[in-house]
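For reference, the structure discussed in these notes is given below.
The values are calculated or read from the model by the stated rules, or taken from the named source; none is laboratory data. Everything numeric in this text was worked out from a predicted model, so none of it was measured. Here the Cβ positions follow ideal geometry from the backbone for every residue, glycine too, while neighbour counts run over all protein chains shown. Surface accessibility is based on the protein's heavy atoms, side chains included, excluding ligands, DNA and RNA. Shrake-Rupley method; radii C 1.70, N 1.55, O 1.52, S 1.80 Å.
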Amino acid sequence: MKRIQLGNTVFEGENDVYLLDGETTALVDTGVALPEVREELVDGLDEYGLAFADVDAVVLTHWHPDHAGLAGEVQAESGADVYVHEADAALVDGSETPLFTDRDLQRETFERWGMPDADRERLTAFFGAVSADLSGRPADVTTFGDGETIRAGGVELEALHLPGHTAGLSGFAFDPRTVPDHDPVAGADATAEAFTGDALLPKYTPNVGGADVRVEGALAAYAESLARIVERDFDAAHPGHRWRIDDPSRRAATILDHHRHRTRRVVGVLDESGPATAWEVSAELFGSLEGIHVLHGPGEAFSHLDHLAAAGVVERDGPAYRLVDPDPDVAALFPTTPLDDLVDGGEDA
């Protein structure tokens, strides 16, 4: 297994593409469909004597362009099978339009968040500037569901549905002892590792709410996904950005606790300010935002407000939310894990 790192100036830092080159050749994710990133992937494969035409399978963690953008191009040159969870398939095969090109969905979403007109125009302009090339050409996809097994690059990958960041985001568990030229992080006793895409990152917390506005109850879904990662107790995780995570359970528990902290902050904002929209809560949480964060900030705030509304802690009146219970048991709104007392998921998580 080899990691090929690709540049990314639009989203959350360097993307990781994983090359599995055993009895067949497979990629886990592909990077965004920008010409310079395509060349980086071409060069990265060339270091191992490979080209797009040699790829037999592409396994996608989720539909976002910085993970799936080049899948169609790889498939066009190689005829590779492209695997993606059924909930994200339509955004990879081109049969569904993503938020950044769907003006009707943008209008509905921005109204729900209470986003001012000037900021809507700013975000729409950002979408227009970056979206034309990001998604690349559509791919013919093979879908999978939770628990199904995909054999790619000579490795058995168990699909783990981990929704929240997107509706179909999936990790892939595998036995590192079966991967050619792979050094398990915990030595000979390591028997379980996973590719986690953007469900688990070593730096920053994956955005919930703005990253995929199709997800119902996004924060609740993501919290359960994090608890599932803790429960699986992997020896290592290989994320979609940056570096390997050597204690995935602890990292997942830290992010889960981070969302408890953030939920308390949201309650505090409403307690101090009175009724507020997702946009107004976002301003209190994150301050002024630029670029993709103009989407992610209010989306994150909305996911927490939506979670509180589902629990009866707040009530919605149009785009604004009014606090009903100023002293909720926030811990009870999230799943518990054996590591909860050992982590601190404050705002820097």
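Assorted remarks:
- Verdict on residue 190 being within 24 Å of residue 238 (Cα to Cα) and touching a Pro at 6+ places or on another chain (Cβ under 9 Å): yes
- Selection count, the stretch 230-284, where residues are open to solvent by less than 10 Å² (accessible area, probe 1.4 Å), out of contact with any strand residue (DSSP E or B) (no Cβ under 7 Å at 6 or more places or on another chain), under 30 Å from residue 3 (Cβ atoms) and among the hydrophobic types (A, V, I, L, M, F, W, C): 4
- The set of residues from the stretch 226-266 being under 25 Å from residue 307 (Cβ atoms), acidic (Asp, Glu) and touching a helix residue (DSSP H, G or I) at 6+ places or on another chain (Cβ under 7 Å) comprises just one member, 257.
- One residue stands out in the stretch 114-157 among those that are of a type in the set (A, V, I, L, M) and in contact with a helix residue (DSSP H, G or I) (Cβ under 7 Å, 6 or more places away or on another chain): the one that is nearest to residue 300 (Cα to Cα), namely 115.
- For residue 48: the one exception among (1) touching a residue at least 40 places away in the same chain (Cβ under 8 Å); (2) open to solvent by 40 Å² or more (accessible area, probe 1.4 Å); (3) under 21 Å from residue 289 (Cβ atoms): (3)
- All positions within the stretch 143-196 that are farther than 30 Å from residue 91 by Cα, out of contact with any strand residue (DSSP E or B) (no Cβ under 9 Å at 6 or more places or on another chain), part of a loop (DSSP other than H, G, I, E, B) and in contact (Cβ under 8 Å) with a residue 12 or more places away in the chain: 191
- Scan of the stretch 79-94 for residues that are touching a residue at least 24 places away in the same chain (Cβ under 8 Å) and either out of contact with any strand residue (DSSP E or B) (no Cβ under 9 Å at 6 or more places or on another chain) or in a loop (DSSP other than H, G, I, E, B) (or both), ordered by number: 80, 86, 87, 88, 93, 94
- Residue within the stretch 100-110 that is open to solvent by 10 Å² or more (accessible area, probe 1.4 Å), over 15 Å from the mean Cα position of the chain (by Cα), of a type in the set (S, T, N, Q) and modelled with pLDDT under 95 present: yes
- One residue from 119, 66 being under 18 Å from residue 207 (Cα atoms), acidic (Asp, Glu), open to solvent by less than 50 Å² (accessible area, probe 1.4 Å) and not in a loop (DSSP other than H, G, I, E, B): 66
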